[in-house]
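The structure appears below as structure tokens.
The values are calculated or read from the model by the stated rules, or taken from the named source; none is laboratory data. What you see is a predicted model; the values in this text were computed from it and never measured. Glycine also receives a Cβ, built like all others from the backbone with ideal geometry; neighbour counts cover every protein chain displayed. Only protein heavy atoms, including side chains, enter the accessible area calculation; ligands, DNA and RNA are left aside. Shrake-Rupley method; radii C 1.70, N 1.55, O 1.52, S 1.80 Å.
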Amino acid sequence: MSGTFVGMPAFPEAARTAVRDATLRGNLRHATRTIRDKRARAVAELEDWAALREAGKRIKDHTLRHLDRYLVRVEEAVTAAGGTVHWAADAAEANEIVARLVEETGESEVVKVKSMATQETGLNEALEARGIRAYETDLAELIVQLGRDRPSHILVPAIHRNRGEIRDIFRSEMGAWGRPAPEGLTDTPAELAEAARLHLREKFLRARVGISGANFMVAETGTLVVVESEGNGRMCLTLPETLISVVGIEKIVPTWRDLEVFLQLLPRSSTAERMNPYTSMWTGTTDGDGPRTFHLVLLDNGRTDTLADEVGRQALRCIRCSACLNVCPVYERAGGHAYGSPYPGPIGAILTPQLRGLTTELDASLPYASSLCGACYEVCPVAIDIPEVLVHLRERVVQGGPAVRHGNRVVLKPAKGHAAERAAMRAAQWAFTHPGALRAGQRLASRTRRLHPRTLPGPGRAWSAGRDLPAVPAEPFRDWWQRTRGGKDGAK
């Protein structure tokens with residue numbers, strides 16, 4: 001999706017490196033546990049949370065089923081309100097549209113609201129190649145940008161950094177990007193926040209072009225919604241003369257009444273707040289108030305391909321709350337960089353392979369970046385069954401099969417390196433459909449149990465290196481049942 005992540009190794013290799021970093025693991029452990037504990041308390045305050053969750057799921061599913069109709073309605077409403085709508089089939093087209101719009105203003109600098117969509121397309125790098133400098137204004141995104149780093153969390157992109165590291169980044173890098181850090185800057189949160197505020201304020205007051213994403217688009221009025229905790233986004237959305245918003249086509253909600261559901265679900269699931277401190281909404285342009293020119297870039301970039309998958313399409317319900325990351329034992333230990341995508345954690349493990357395809361070693365490895373414990377499904381505010389999609393994508397990796405890529409129906413080839421797994425699954429399928437052979441195999445396994453190795457040989461060694469092989473019982477269940485109950489269901 002983004003050039004920033006080109007060349008990343010497959011997840012197992014990247015994760016192996018990450019788990020050796022004790023500082024990283026400590027930062028992640030402290031942050032994720034703090035966030036998830038706060039979220040649990042915030043959610044427990046609402047007696048109707050389960051009903052809200054189901055409502056969010058149904059609204060999203062309805063919208064995805066009728067996405068063509070709602071997209072047209074959004075375009076009509078935004079245009080009627082004085083905005084201009086552009087359609088981008090992929091990341092390259094979206095970046096080209098944005099770069100051209102900025103160049104038409106004559107400006108060479110832009111300020112940005114935190115945006116997953118522009119991370120996905122690699123917009124900052126694309127603008128830099130055209131001589132346009134993009135300044136991130138979200139505090140965590142600023143830390144990542146100044147540190148020449150990559151985001152590692154959906155909600156808190158710099159979650160892998162501690163206060164001392166942030167202080168050092170501000171001291172050494174702020175001057176090259178604008179106002180330098182104050183002399184004697186310490187690592188106290190108040191001083192770090194003040195240094196960022198002073199550094200960014202001059203950019204807000206100077207910028208003539210702002211770039212944003214959106215958390216939601218209301219189809220009935222063409223209104224865009226951004227929720228945040230700092231207020232930097234509101235500065236970007238109101239001060240520039242030109243505002244360009246890049247938004248994934250799945251971010252639509254049909255009506256304002258539907259939006260109300262998500263404005264309850266999102267803050268409690270993400271920042272563990274009852275409501276977001278800053279909720280900004282704008283509809284086109286208004287004379288004398290806010291930007292004079294508004295452009296909406298609707299981004300596909302694999303979303304319609306994902307929509308064609310009856311199992312995988314539920315990933316498009318995602319409202320980017322990051323609750324699944326904060327409960328995932330794999331993410332907590334490996335961190336976000338190991339996923340090689342702007343979308344880390346459980347949601348990234350199912351969304352990225354569908355948006356990018358399964359053609360690279362990295363993308364084919366992401367569906368396996370999970371223990372399938374199911375914690376991600378339990379906390380998802382729109383009930384995405386992430387384990388179900390993970391298993392579905394694993395099957396596609398191993399078996400190949402029909403899929404939709406770039407709007408065309410194709411037949412995917414099985415990924416390399418899974419021949420032994422395919423053979424094992426075929427053998428299991430044959431055995432389970434031949435009861436006599438299954439019974440004989442079970443008896444043989446029980447009678448030779450003392451000869452079984454403690455670890456698996458060959459390709460199975462990687463599996464048993466971190467797990468104990470389950471012990472084979474002294475007799476198969478069928479034999480035990482026949483011996484103790486005589487095969488009669490009603491036996492006591």
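Once you order the gyration tensor axes a ≥ b ≥ c over the Cα atoms, which shape class does the range 352-432 get: rounded for a/c under 1.5, otherwise prolate or oblate by comparing a/b with b/c?
Working: a/c = 1.88, a/b = 1.16, b/c = 1.62.
Oblate is the answer for the range 352-432, as a/c is 1.5 or above yet b/c matches or exceeds a/b.
Name the long-range amide H neighbours of Val404: under 5 Å, sequence gap of 5 or more, or other chain; modelled H, no Pro or chain starts.
Val410
What net charge do the residues around Pro453 carry, taking every other residue with its C-beta under 15 Å from that of Pro453, with Lys and Arg at +1 and Asp and Glu at -1? Before the final figure, lay out the partial values.
On the way: positive: Arg449, Arg450, Arg454, Arg461, Arg467; negative: Asp468.
With Lys, Arg at +1 and Asp, Glu at -1, the net is +4.
Among Leu316, Gly374, Ala419, flag the residue with its Cα farthest along the positive direction of the charge dipole of the range 311-445, charges on Cβ as +1 for Lys/Arg and -1 for Asp/Glu.
Ala419
State the cysteines of the chain left without a partner when partners are defined as other cysteines whose beta carbon lies under 4.7 Å away.
Cys236, Cys318, Cys321, Cys328, Cys373, Cys380
Provide the per-residue ³J(HN,Hα) series for the range 277-289, in order, calculated from phi with Karplus coefficients 6.51, -1.76, 1.60 and θ = phi - 60°, each as a whole number of Hz, with x at glycine and proline positions.
x, 10, 10, 9, 10, 9, 10, x, 10, 9, 4, x, 9
Please list the non-local residues whose amide H lies under 5 Å from the amide H of Ile211, H modeled 1.01 Å from N, same-chain partners needing a gap of 5 or more.
Residues meeting the amide H criterion: Val111, Lys112, Val113, Ile244.
Does anything in the range 381-406 have its amide N under 14 Å from the 7 Å Cα→Cβ label point of Ala423, and if so which residues?
No residue passes the distance filter.
Local charge sum around Ile97 (other residues, Cβ-Cβ under 13 Å, Lys/Arg +1, Asp/Glu -1)? Mind dumping the intermediate values first?
Details: positive: Arg100, Arg130; negative: Asp90, Glu93, Glu96, Glu103, Glu104, Asp300.
So the environment of Ile97 carries a net charge of -4.
Can you give the local net charge around Leu24? Use residues other than it whose beta-carbon is closer than 14 angstrom to its beta-carbon, Lys and Arg +1, Asp and Glu -1. Mind showing how you got there, number by number?
Values: positive: Arg16, Arg20, Arg25, Arg29, Arg150, Arg161, Arg333; negative: Asp21, Asp149, Glu165, Glu332.
Summing Lys/Arg as +1 and Asp/Glu as -1 gives +3.
Per residue, how much accessible area does the chain have with a 1.4 Å probe, in Å²? Show your work: numbers first, answer last.
Values: 23670 Å² over 492 residues.
For the chain, the per-residue accessible area is 48 Å².
Might you work out the accessible area of Glu194 for me, using a 1.4 Å probe with all protein chains in place, and round it to the nearest 10 Å²?
We get 80 Å² for Glu194.
For the chain, with only Lys/Arg (+1) and Asp/Glu (-1) charged at the beta-carbon, what is the dipole magnitude about the Cα centre, in debye rounded to 20?
Values: 66 positive and 59 negative charges, 603 e Å.
It comes to approximately 2900 debye.
Beyond 30 Å between alpha-carbons counts as too far, so tell me which of Lys60/Lys203; Lys60/Lys112; Lys38/Lys251; Lys57/Lys114 fall in that bin.
Values: Lys60/Lys203 37 Å; Lys60/Lys112 27 Å; Lys38/Lys251 26 Å; Lys57/Lys114 25 Å.
Pairs exceeding the cut-off: Lys60/Lys203.
On a 0 to 90° scale, report how tilted helix 435-447 is relative to the longest principal axis of the chain, with both axes built from alpha carbons and the result rounded to the nearest 10.
The angle comes out near 80 degrees.
How far apart, in nanometres, would the label points at Thr359 and Arg443 be if each is projected 7 angstrom from Cα along the Cα-to-Cβ direction?
For Thr359 paired with Arg443, the spin-label model returns 5.3 nm.
Tally the DSSP beta bridges in the chain and give the antiparallel ones as a percent, rounded to 5. Write down the numbers at each step before the final one.
Working: 14 of 38 bridges.
Looking only at bridges with both residues in the chain, the antiparallel portion is about 35 percent.
Of Tyr278, Gly288, Leu299, which is farthest on the positive side of the dipole of the range 247-329, counting Cα position, with +1 on Lys and Arg Cβ, -1 on Asp and Glu Cβ, and the Cα centre as origin?
In the range 247-329, that residue is Tyr278.
Considering Cα pairs under 8 angstrom that are at least six residues apart, work out the relative contact order of the chain and quote it in whole percent. Provide the component values of the computation, followed by the final result.
Numbers: 819 pairs, mean separation 93.5, N = 492.
19 percent.
Remind me, relative contact order of the range 292-449 in percent, using alpha carbon pairs under 8 angstrom and six or more residues apart?
It comes to 20 percent, rounded to a whole number.
Could you give each residue of the range 115-132 its phi-based ³J(HN,Hα) in whole Hz, using Karplus coefficients 6.51, -1.76, 1.60 with θ = phi - 60°, and x for Gly or Pro?
Listing the rounded values in order: 8, 5, 5, 6, 5, 4, 8, x, 4, 4, 5, 5, 5, 4, 5, 9, x, 10 Hz.
Can you tell me the order of 405-412, 325-332 when each peptide is scored by its average per-residue count of other Cβ atoms within 10 angstrom, highest first? It would help to have the intermediate numbers written out before the result.
Details: 405-412: 11.2, 325-332: 24.0.
With the highest mean Cβ count within 10 Å placed first, the list reads 325-332, 405-412.
Whole-Hz ³J(HN,Hα) for each residue in the range 320-329, computed from phi via Karplus 6.51 cos²θ - 1.76 cosθ + 1.60 with θ = phi - 60°, x for glycine and proline: what do you get?
So the Karplus estimates, Gly and Pro as x, are 6, 7, 6, 4, 5, 5, 6, 10, 7, x Hz.
Treating the angle as unsigned and between 0 and 90°, give the value, to the nearest 10°, between the Cα long axis of helix 49-65 and the longest Cα principal axis of the chain.
Long axis of 49-65 versus the principal axis of the chain: about 80 degrees.
7 Å from Cα along Cα→Cβ at both Met281 and Arg257: what's the point-to-point distance in nm?
1.5
Run the accessible area of the range 288-437 with a 1.4 Å probe and give the carbon-and-sulfur part as a rounded percent. It would help to have the intermediate numbers written out before the result.
Details: 3410 of 6220 Å².
So the carbon and sulfur contribution to the accessible surface is 55 percent.
Helix 419-432 sits at what angle to the longest principal axis of the chain, using alpha carbons and giving 0 to 90 degrees rounded to 10?
It works out to around 50 degrees.
Amide H to amide H, which residues 5 or more places from Val297 or on other chains are under 5 Å from it, using H placed in the peptide plane?
Here the answer is His86, Ser245, Val246, Val247, since their amide H atoms fall under 5 Å of that of Val297.
With a ≥ b ≥ c the root eigenvalues of the C-alpha gyration tensor of the range 415-458, is it rounded (a/c under 1.5), prolate (a/b larger than b/c) or oblate?
Values: a/c = 5.52, a/b = 1.22, b/c = 4.52.
Cα axes put the range 415-458 in the oblate bin.
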